[in-house]
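Worksheet: the structure to be examined is printed underneath.
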Amino acid sequence: MAESELASKLNRQQQINDGEVKAAKVSQSVYAEFKEFSIQEIKEYRKIFVKYDVDKSGFIDFMELKLMMEIGETGRAPDPPWTEGHDKRSR
């Protein structure tokens with residue numbers, strides 16, 4: 001059954017690629033796609049995403065994710081390891 005389903009999907013994709021059939025239009029509205037979140041929540045998540053998508057690629061890559069995890073709830077990047085024990089902010 002799984003093989004026939006895969007074959008069907010691959011056949012449909014090939015027909016779309018060949019121009020025999022048109023692809024179904026996909027909703028571009030993030031609000032319609034994530035109905036479980038309020039508009040305000042989505043705006044907040046988008047704001048956070050844009051903040052950490054440093055290279056503006058539209059994706060969070062490993063280094064951007066690492067930065068996001070390091071900053072965490074403190075809202076500031078951790079001190080470099082060579083300044084350990086000499087945090088100027090705590091003075």
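Coordinate-derived values only; no laboratory data. Since the model is a prediction, treat every value here as computed from it, not as a measurement. A quick note on method: Cβ atoms are made from the backbone with ideal geometry, for glycine too, and the neighbour counts reach across all protein chains shown.
Here the Karplus curve 6.51 cos²θ - 1.76 cosθ + 1.60, taken at θ = phi - 60°, turns the phi angles of the stretch 43-52 into couplings of 4, 5, 5, 5, 4, 5, 4, 4, 4, 9 Hz, with x standing for Gly and Pro. The simple Förster model, with R0 at 41 Å and r as the Cβ-Cβ distance, assigns GLU70 and ILE16 a FRET efficiency of 0.45. With 0.36 nm allotted per residue and the present C-alpha distance subtracted, the TYR45-MET63 stretch has 4.6 nm of extension available.
Length gain on complete extension for the stretch ASP53 to LYS9, per 0.36 nm per residue less the alpha carbon to alpha carbon distance?
Values: separation 44, 0.36 × 44 = 15.84 nm, distance 3.30 nm.
Length gained between ASP53 and LYS9: 12.5 nm.
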